[in-house]
Every structure is written in C-alpha cells, then in structure tokens.
1. Using Cα positions and a limit of under 19 Å, work out the aspartates and glutamates in reach of K164, with same-chain residues fewer than 8 apart set aside.
2. Under the rule of -39500 (n - 2.57) per DSSP H run of 4 or more residues, summed and divided by the residues of the chain, what mean residue ellipticity at 222 nm is obtained, to the nearest 500 deg cm²/dmol?
3. Would you please put 152-161, 53-62, 178-187 in order of how densely packed they are, using the mean number of other Cβ atoms within 10 angstrom per residue and starting with the highest?
4. Could you rank the peptides 234-242, 132-140 by their average count of other C-beta atoms within 10 Å per residue, with the highest value first?
5. Over the chain, with a Gaussian network built from C-alpha contacts below 10 Å, which listed residue (Q254, Q28, Q130) shows the highest mean-square fluctuation?
6. If you average the C-alpha positions of the stretch 206-250 and of the stretch 120-151 separately, how far apart do those two centres end up, in angstrom?
7. With log10 I(q)/I(0) by the Debye sum over Cα atoms at q = 0.10, 0.14, 0.15 Å⁻¹ defined as stated, name the option among (i) -0.60, -1.04, -1.16; (ii) -0.72, -1.11, -1.17; (iii) -0.49, -0.99, -1.14 computed from the structure displayed.
Amino acid sequence: MNSPHSFELAAADGKIIRGDRAEGKNRQILFITGFLSKRWGNKSRALAEWCEENGWGFCCYDVRGFGDSGGTFTDYTLSDWIADARLVLNMLRDGQHLTHPSQARQDAPPPTITIVGNSFGGWIAWMMAQECPAVEKLILIAPAFDAIGVRAREISADRRKRWKDTGWMPWDDEPAHKDWPLSWKWVEESEAYWKTTFDPLRPVKTTILHGLQDTVILPGGSSQLVEQLLSRDPAFPIELHLIQGDHRLSSPEQVERLRRLVLETP
C-alpha cells in the first residue's frame, strides 16, 4: 500500500471536502470521524498503519465546515455530512483501487469496503452501508444514533424552547463546544433520519464496540438499537461488545480490541 496522499472532492455547493487516501488491494477501509473531530487521531492513525501492514486501502476525510475541508460550520447540517460521506464512498467504490496500475485486471472485482465509524460517524456509517452494496462490513465505535434528537429530548423544556425559538444552541456548555452552535434543523433532520433507520434493512455484518463508562453516548443506546434491530430481523448479522471504557476507547487495550475486529475477515 502507498502512503496516504491528499485528495479533494467538490461538493454540490462547490466547497471542497479534503481527506487522505492510500490505495491497496483486496479491501478498502473508510474511517468516518465523530462530531467535531478531525480526520487524523489515534484511531485513524492506527487504522492506516494496519492497512499498510496488510496491503489494504485506507481513507479518512474532514466534513465540510470543519477541519481542513471548506465551508463554514453553521452552514451545514446532518444531511450535508451524509452527502459528504456519500461522495467519499462513491470515490472508493468507483476509483482506482490497486497500488500499481499494472496489477489491475479488467475482470477483477473491486475490493470490499469496511467502514469504521466513530461516535457520530458511526450513525453516518450505518446509513452509508444501508444504501451502498459495496460496503460489506461495519465497525461502529460508540455509535451516536439520533444523537441530536436525543440531546433535544434530554435537555430542559425551557432550554429546548430557546433552541427552537432562537434557532441555535451549542451541543453543551463545554468551552470546546461553545463556538460550534447547532441549528434547530439538526434536531429535525436527526429525528427524521432516525425514523428510517430500519427501513429498509440491508444485512451488513456489523460490530458495535461501546464503553460501559461512556457518559457522552450512553451504552444503553447501542443495546436498544440491537434489540430493535433483531426484533425486526432475528438473523441480522450484528454483534454488540460492551467493554470497560469511556467514550473515547483510546487506551492501548481498547485500540488492540479494535485491531482484532478490523483484522477479521469481512
């Protein structure tokens, strides 16, 4: 596998999605970051290293309005970030996959795609896998299904009313979040997309890794998702691993647990 190189994709509004990609054989791994997270962190760097060791392709990117990608954060909502993921996924599905063009065969099928989705990126990963047949495996790390809708339901009625009336509210009162206000449209879109989570169902092999001490995205949400999913399709290929750890799951032992899941055959 080559070392990651930068790429740029133009979104529908003309703004640029920037990311890094390394071509490889047999398998492509796409990493989708969490909310307000840039594409390169301990998990994406570990994934890139494992892909290089195995000759697989790897890709990560920043959403519009954050990191190195173009645009202003407040101009975008969940539907835009879904569109960003779709553009990147289509690039992996349709683009050059092999390290050396001389190795390409006209009749060779493209490599399978595994998406590793972290937190908010876990929900986007789920939606991408449901619509894209090229995705054969999902690994979801503390997936934040309907995160903004859940947030709106958890806060006080007064604060929720202010959010809806003024149109804007940060995720919470943490200093790191105060400069990233969310429009009320996030709530509406989150709830609307959540209603379609199980309709239709494409049986993609899915593994959820969630920390029992996670106070950001409660592990009960992953448990409830699995219960609802299996009530609709008892044969759906999903596993839930509840382990010791917080939302980040970034200790050496936790990263090793992720490595073993990634190395499993899709």
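What follows draws every value from the coordinates through simple rules; no lab data is involved. Predicted model only: the values in this text are computed from it and were never measured. Cβ coordinates were reconstructed from backbone atoms using ideal geometry, including for glycine residues, and neighbour counts include every protein chain displayed.
1. In chain and number order, the partners are D75, D146, E154, D172, D173, D179, E188, E189, E191.
2. Working: 8 runs with 98 residues, N = 266.
One gets -11500 deg cm²/dmol as the mean residue ellipticity at 222 nm.
3. Numbers: 152-161: 12.0, 53-62: 22.0, 178-187: 16.9.
Output ranking for 152-161, 53-62, 178-187: 53-62, 178-187, 152-161.
4. Working: 234-242: 13.1, 132-140: 20.9.
Ranked by mean Cβ neighbours within 10 Å, highest first: 132-140, 234-242.
5. Maximum among the listed residues: Q254.
6. Rounded to whole Å, the Cα centres lie 12 Å apart.
7. Comparing each candidate, only (iii) matches the computed number.
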